[in-house]
1. Of all the residues that make up the stretch 266-293, how many are at pLDDT below 85 and either buried (at least 16 other Cβ atoms within 10 Å of the Cβ) or assigned to a helix (DSSP H, G or I) (or both)?
2. Glu62 - would you say it is among the acidic types (Asp, Glu), outside any loop (DSSP other than H, G, I, E, B) and modelled with pLDDT of 80 or more?
3. So, Ala109, is that one closer than 26 Å to Ser237 by Cβ, out of contact with any Ser or Thr (no Cβ under 7 Å at 6 or more places or on another chain) and among the small types (Gly, Ala, Ser) or not?
4. Could you list, ordered by first residue, the pairs with Cβ atoms under 9 Å in which the first is in the stretch 225-243 and closer than 12 Å to Val152 by Cβ and the second is open to solvent by 10 Å² or more (accessible area, probe 1.4 Å) and of a type in the set (Phe, Trp, Tyr), at least 6 apart or interchain?
5. Within the stretch 99-109, can you find the residues that are open to solvent by 50 Å² or more (accessible area, probe 1.4 Å) and in contact (Cβ under 8 Å) with a residue 60 or more places away in the chain?
6. Residues Leu128, Leu116, Leu121, Leu143: which one is in contact with a Phe, Trp or Tyr (Cβ under 9 Å, 6 or more places away or on another chain), open to solvent by 20 Å² or more (accessible area, probe 1.4 Å) and closer than 30 Å to Val348 by Cα?
7. If the requirement is being under 17 Å from Val47 (Cα atoms), without any contact (Cβ under 8 Å) to a residue 24 or more places away in the chain and assigned to a helix (DSSP H, G or I), which of these qualifies: Cys296, Cys349?
8. Give the residues of the stretch 179-231 that are in contact with a helix residue (DSSP H, G or I) (Cβ under 8 Å, 6 or more places away or on another chain), hydroxyl-bearing (Ser, Thr, Tyr), surrounded by fewer than 14 Cβ atoms within 10 Å (Cβ to Cβ) and at pLDDT 55 or above, sorted by residue number.
Amino acid sequence: FALRLFPSAVVYKVARIAMLGVKLGVLVLLCAQNSLYTLLRRYSRGVLREEVSTSAVLFAAEALKFVVSAVLVEAPDALGKAQHKVQRGALADRLETWGHILKTSLPMAVPAVTYLLMNTLSFKAMELVDATVFAMIAQLKTLTTAVFCWIVLGRRLSGAQWRAVIVLTLAVSIITFQRSAATSRACSSASASGAGSGGGVPLTWYFAGLGMVFLEITLSGWISAYFEKHLKNGQLSVWGRNMQLAGWSGLIYGIILYAQFVLAPEEKTTGATAAPAEPRPFLATPIIGNFSIVTCMLVLLGGGGGLLVAFAIKYADALMKTMATAAALVAVVAAEVLFLGAPPDPVVCLAGAVAIVTLQIYGDAP
């Protein structure tokens, strides 16, 4: 109908602008979600001192993502045509769709297991490598994602885009170094009379920790390209892939929770002495068990973030998703200065400005 009223060139331009709007909207939402999720997590752990199991929060987020995806998923093309021929109830068609999606979910077990391995490597590496070095190397995820998008997907970047990726990586690394260095100075001055600060790690183990960090960022780049390849192969919608990934991730975190609270229940009661009763902030009010308002917000943001990642990869690509996550660091720094009273750092401000300009350069590059 639109082609009858308007020339095809006009329709194409309007569709292209609409798609660009969707892409930018998803990336902006992902950046905002990452920023708010990071700030709330720091508030929960650093200010409220909540001790909710991380596995429980992640399991709840994956369960939320699974339910939302299951409600909104549509039947794949081939299955939908078959269901049209056989008239049955809506519930029967829905159950058949869910069964088909879960039967073909094995490829999504790869990212679920990879994310678990990445988290394990990160925790172990942080025991062996100081936080500043760990955080700086972790910012190389943008670069490794670009490399694996070229290797796995055959996507070639222009020279200007490669320069933008490298400059963004350097800018975010500078921000991370400055913030980590300031935190380290504060911690060392506060514990000047205390025990050692981790300097007793043997050199061999230190290099092993570095190897774990590099392996973690390599896996991050590879799994981003892998997920994009399966997300865009046309076999399932974004909701279907999210349902598969959430199912496998929920299964993994469920096993971890079972091991923590059933096989080793004594770990649940290591809460030491009871703290004196103090007025708690409103956001610390328990809602379900020991899940406070902040914890429930983290569950919502975690589940929503998983959906946004898939949509960002679907409508943009894995590299743009990673760059949006890097840009979230700039937003977190700005929010800490504006709302949490963190002192502004000129170097961080300049590096943040460079990161923002670099994102624009990447978008405008041929």
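The values are calculated or read from the model by the stated rules, or taken from the named source; none is laboratory data. Only a predicted model underlies this, so the values are computations on that prediction, with no experimental measurement involved. Here the Cβ is made from the backbone with ideal geometry for all residues, glycine too, and neighbour counts use every protein chain on show. Heads up: the accessible areas ignore ligands, DNA and RNA and are worked out on the full protein's heavy atoms, side chains in. Shrake-Rupley method; radii C 1.70, N 1.55, O 1.52, S 1.80 Å.
1. First, pick out the residues of the stretch 266-293 that are at pLDDT below 85: 266-290.
Narrowing further to those that are either buried (at least 16 other Cβ atoms within 10 Å of the Cβ) or assigned to a helix (DSSP H, G or I) (or both): 266-269, 282-284.
So the count comes out to 7.
2. Working: among the acidic types (Asp, Glu): yes; outside any loop (DSSP other than H, G, I, E, B): yes; modelled with pLDDT of 80 or more: yes.
So Glu62 passes the test.
3. Working: closer than 26 Å to Ser237 by Cβ: yes; out of contact with any Ser or Thr (no Cβ under 7 Å at 6 or more places or on another chain): yes; among the small types (Gly, Ala, Ser): yes.
Criteria met by Ala109.
4. Filtered contacts from the stretch 225-243: Ala225/Phe148; Ala225/Trp150; Tyr226/Phe148.
5. Leu102, Thr104
6. Values: Leu116 fails: closer than 30 Å to Val348 by Cα; Leu121 fails: in contact with a Phe, Trp or Tyr (Cβ under 9 Å, 6 or more places away or on another chain); Leu143 fails: in contact with a Phe, Trp or Tyr (Cβ under 9 Å, 6 or more places away or on another chain).
Matching residue, one of Leu128, Leu116, Leu121, Leu143: Leu128.
7. On the way: Cys349 fails: under 17 Å from Val47 (Cα atoms).
After ruling out the rest, the residue left standing is Cys296.
8. Of the stretch 179-231, the ones in contact with a helix residue (DSSP H, G or I) (Cβ under 8 Å, 6 or more places away or on another chain) are 179-181, 183-184, 197, 201, 205-206, 208-210, 212-231.
Now drop any that are not hydroxyl-bearing (Ser, Thr, Tyr), which leaves 180, 183-184, 197, 206, 218, 220, 224, 226.
From what is left, the residues that are surrounded by fewer than 14 Cβ atoms within 10 Å (Cβ to Cβ) are 183, 197.
Residue satisfying the conditions is Thr183 alone.
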